[in-house]
Amino acid sequence: MPAIELDGVTKRFGDVTALRGVDMTVEDGEVFGFLGPNGAGKTTTIDILLDFVRPTAGSATVLGMDAREDSEAIRERLGVLPDGYDLYDRLTGRQHLEFVAEAKRADLDVAAILDRVGLDLEDAERKTGGYSKGMQQRLALGMALVGEPDLLILDEPSTGLDPNGARLMRQIVREENERGATVFFSSHILGQVESVCDEVAILQNGEIIAEDSVEGLRAATDTGTRLVVSVDPADAETAAAAAREVDTVENATVEGDDLVVTCDSDSKMDVLTAIEDAGVDVHDFETREASLEDLFAAYTEADGERPSAPAGTPGGAESADDAEAAEGGDAR
Amino acid sequence: MSAQNEGLDGALRDAFDWYPVAKKEFRDAIRSKGLWVLSFLFTALFLIPGAQVLFLEENLGRQAQDIGMQYFISSSYLNIVTLLVPIVVIFAGYAAISEERTSGSLKVLLSLPFSRRDVIIGKVIGRSAVVGVPLLVALGLTGAFFAVSQFTFKFDVFAWFTLFTFAFTLVMVAFVVSISGAMSTNLRSLAGAGIVYFYISFGWNSLANAVGDGLADYLGVTGALRWQAVLFVKLLSPTQAYKTLTNSMLGEGDGAAMTARYSMFQQDQESMGTICGDVLNGNPQTVQSMFGNRTVCESAGSSLPLQFSDPAVFVSFFLWIGLAAAISYYTFDRVDL
């Protein structure tokens, strides 16, 4: 049984479409990274899982139950770290944890939770109104861990955390996963999910544009080699035009003094030859294997200059205006 | 505070899904000094009239001692409660949900296994306790004052007054919280609750009379039917219902309910006669007073029509709670957050 299953989920807020027929499956026991730029619809997706908003079309199931009909039963078994949340300023850290435990009818070991998220017992006796952003985030993470949830949903969990905190967060994700929990977390920064995730989906403009294992995505990036060629600045445009003539070249742009060509790794020599044939001297060149960051950036660019999609993802990028509109919808 | 929690706290948790929310609300608010300022304010306002009389009058007559407590409740406490309690309730409750919505703590609350109905009910109970505790302190001290003073302390009368006051408070809190759930910002919630308060407190009688005038002018409905409609509308106001219910209880007699309803009207002599005789099943009598002729309503042996009786008035409180629940259902339960 999948932990999360979205089937053709569409969400419109007025005339703004935040999600466009999202299909996604998170298998039980996975660590699933949900990636996308701000405004892509990640939070809307999570809001649907939690029944904060109801889909315009399509259906969502969580832990085998309908996200709308059985929301309370689902939330009994969830640990959630929402995005853009706030704590109760006048209650202490301990009272927050007690409140969650009482809500879930769960046993609570305050000291153990605090220890895991790196807070002191002294901190727990203070009102959260005096907490720093990082401490709030640690407490909120601790609240999500109360009651050994079957599924953790973490929305941008690294927000407000320093590098140590981010490392701690990743460690907790691993520990929870080893305990048997499924972890679903969203981020707009690839580096945070790369090291802990089994499976990754990329959401852009309300559409899943890629869903694959981390290895699979890495493999996909191998097809997109970047060739950086140094030429005389005066010849750069000529060289770019020549490079674009080569069949396997996806893109060739002038960036500063360099010409950057995206192409198959096998056709590097063809490109260099084409440039020289156009009468341009190649001073130097180097190849860069695209990192996941590059892939992510390429996928989420809003100007349509996207590499051909790996593994059957829908084509047709949206305009920048749409991206902003989706962001407006996401903020609701 | 674990699953094995014993005692009342644990029992309440087991019985009610909303209990943790109510407790959190109360814990949050109990730390505010405002609560204790409120207790003091209520106590002072309740004690001043009685203390004043005791201070000025050295020898109270037997009758004054006997009905003193009822007199103070009817002439001042009812006004203090109907004017002040709703204002206190508004300030204690207008932000109950709108604040959580704007700050984002609602996301934390609703990611826990609470239904939205649990959240509303928990908030209503919790915030009612926030207003109810200072009120209880004040009423307790007031009761103690009457018990030790020369005035006769009638426990059952005072207990009923306390009960009606809590029912009134609960209705107001339910309404304010449901408005808070419907509004996107604190300011809108405050404005909405303020408008409702002014309408219920100061505009309702005009509304009731306008209904009567409209019936008479446009539909030709006159006489008893007209005044029945006016009384019916009047009694729908929680403020009016609370006052007339308490007055009826304070009267302690067979005709008390009739007198209490009758005193809700101030019309010309002929209309007052109709109201007494044909609406309330009473016996109108004209008496001479220093302000000219006046019609009083005496019990004629037959009881009030059921729809104007005390139990019916008490039930109208629950109509308001139902209305609040309906507002919440359509503006909070079923909508995207």
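Every read-out reported here was derived from the displayed coordinates using simple, explicitly stated rules and does not represent laboratory data. All values reported here derive from a predicted model rather than from experimental measurement. Note that each Cβ is placed from the backbone with ideal geometry, even for glycine, and that neighbours are counted across all protein chains shown.
Annotations
- Of all the criteria given as (1) closer than 23 Å to residue B:119 by Cβ; (2) surrounded by 15 or more Cβ atoms within 10 Å (Cβ to Cβ); (3) in contact (Cβ under 8 Å) with a residue 60 or more places away in the chain, the one not satisfied by residue B:185 is (2).
- Selection within the stretch B:222-258 - touching a Cys at 6+ places or on another chain (Cβ under 9 Å) and either closer than 17 Å to residue B:163 by Cβ or in a helix (DSSP H, G or I) (or both): B:258
- Cβ-Cβ under 8 Å pairs, at least 6 apart or on other chains, the stretch B:203-214 side without any contact (Cβ under 8 Å) to a residue 40 or more places away in the chain and closer than 9 Å to residue B:229 by Cβ, far side charged (D, E, K, R) and crowded, with 16+ Cβ neighbours inside 10 Å: B:208/B:234; B:212/B:226
- Those residues of the stretch A:51-92 which are at the interface with another protein chain (Cβ under 9 Å from one of its Cβ atoms) and among the charged types (D, E, K, R), in sequence order: A:51, A:54, A:72, A:75, A:76, A:77, A:83, A:86, A:89, A:90
- Counted residues, the stretch A:16-66 - those being among the small types (Gly, Ala, Ser), touching an Asp or Glu at 6+ places or on another chain (Cβ under 9 Å) and within 17 Å of residue A:209 (Cα to Cα): 6
- Output for the stretch B:148-182, where each listed residue is part of a helix (DSSP H, G or I), touching a residue at least 60 places away in the same chain (Cβ under 8 Å) and of a type in the set (Phe, Trp, Tyr): B:158, B:160, B:161, B:164, B:168, B:175
- Criterion (facing chain A (nearest Cβ under 9 Å) and acidic (Asp, Glu)) met by exactly one of B:25, B:100: B:100
- Positions within the stretch A:72-83 being in contact with a strand residue (DSSP E or B) (Cβ under 7 Å, 6 or more places away or on another chain) and outside any loop (DSSP other than H, G, I, E, B), in sequence order: A:73, A:74, A:78, A:79, A:80, A:81
- Residue count, the stretch B:290-334 (criterion: in a helix (DSSP H, G or I) and among the hydroxyl-bearing types (Ser, Thr, Tyr)): 5
- Pairing residues of the stretch A:100-112 that are touching a residue at least 40 places away in the same chain (Cβ under 8 Å) and at the interface with chain B (Cβ under 7 Å from one of its Cβ atoms) with residues that are of a type outside the set (S, T, N, Q) and surrounded by 23 or more Cβ atoms within 10 Å (Cβ to Cβ), at Cβ distances under 6 Å and at least 6 apart in sequence or on separate chains, gives A:100/A:143; A:100/A:146; A:101/A:146; A:106/A:146.
- Residue list for the stretch A:35-71, restricted to those being touching a Ser or Thr at 6+ places or on another chain (Cβ under 8 Å), among the hydrophobic types (A, V, I, L, M, F, W, C), free of Cβ contacts under 8 Å to residues at least 40 places away in the same chain and not in a loop (DSSP other than H, G, I, E, B): none
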